[in-house]
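Since the structure comes first, as structure tokens, the remarks are kept for the end.
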Amino acid sequence: MKKMIVCLSLSAFLFACKDDGTKTKAMTTDSTDNAAAKPMVDLPYTASYSSSWSTDVSDADLKMVLQTYKDWADNNMSALANSLSDTVTVDMSSGNHLVKAKADLLKMWSTSRDSLSSVKIDMSAWSKMYSTDKKDGYIVTWYDETDTYKNGKVDSASYHDINQVKNGKLVWYAQFKRPKK
């Protein structure tokens, strides 16, 4: 008797789930339409810069930004210079905020890089971010860097960087650092 009730219940369930071939508008729209149709969630904060993002950043900009890390590791400062705009704003992991001409920034970075015998970068991840309302492109990176100084000291840290790109050049760079133990 129990088997018969289970079979009848299962049969009723299956017939109730029959697809009749009709689809609702919600089933046929893409995810962006669905997102636009959903009411906004009542969030505790409003983004002061932007909350409207896509991944619409060119692969050329992504390659250029990733190449800057390779150029730093390879001590190729002249190639790194080609990726910078005439003036670059830098927010350093130390908390310093700089607005420097390309030549001044390269001089500062070259002095720092010249103290190192080697740099090893393990790029963990990156993301392309485009602010659709501000029309700004960013490449966000996460990586580990191991620096070996000429005196033999080794220093390593995990980094999270934000690279703003305009017209194929790096215009703003922010770095966040967590030293490794």
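The values are calculated or read from the model by the stated rules, or taken from the named source; none is laboratory data. From a predicted model like this one, the values you see are computed outputs, not experimental measurements. Cβ atoms come from the backbone with ideal geometry, glycine included; neighbour counts cover every protein chain shown.
Pairing residues of the stretch 165-180 that are on the phi > 0 side of the Ramachandran plot and at pLDDT 95 or above with residues that are of a type outside the set (Val, Ile, Thr) and not in a strand (DSSP E or B), at Cβ distances under 9 Å and at least 6 apart in sequence or on separate chains, gives Gly168/Ser58; Gly168/Ala60; Gly168/Asp61; Gly168/Met64; Gly168/Ser83. The residues listed here are Asp71, Asp86; of these, the one that is acidic (Asp, Glu) and in a strand (DSSP E or B) is Asp86. Taking the listed residues Ala26, Ala35, the one that is assigned to a helix (DSSP H, G or I), loosely packed, with under 10 Cβ neighbours inside 10 Å, modelled with pLDDT under 70 and in contact with a helix residue (DSSP H, G or I) (Cβ under 9 Å, 6 or more places away or on another chain) is Ala26, with no other qualifying.
Residues in the stretch 67-85 that are without any contact (Cβ under 8 Å) to a residue 60 or more places away in the chain and within 13 Å of Lys169 (Cβ to Cβ) were compared, and the one that is surrounded by the fewest Cβ atoms within 10 Å (Cβ to Cβ) is Asn82.
For the stretch 102-149, enumerate the residues that are polar (S, T, N, Q), surrounded by fewer than 18 Cβ atoms within 10 Å (Cβ to Cβ) and touching a strand residue (DSSP E or B) at 6+ places or on another chain (Cβ under 8 Å). Within the stretch 102-149, Ser115, Ser117, Ser118, Ser124, Ser127, Thr132, Thr146, Thr148 qualify.
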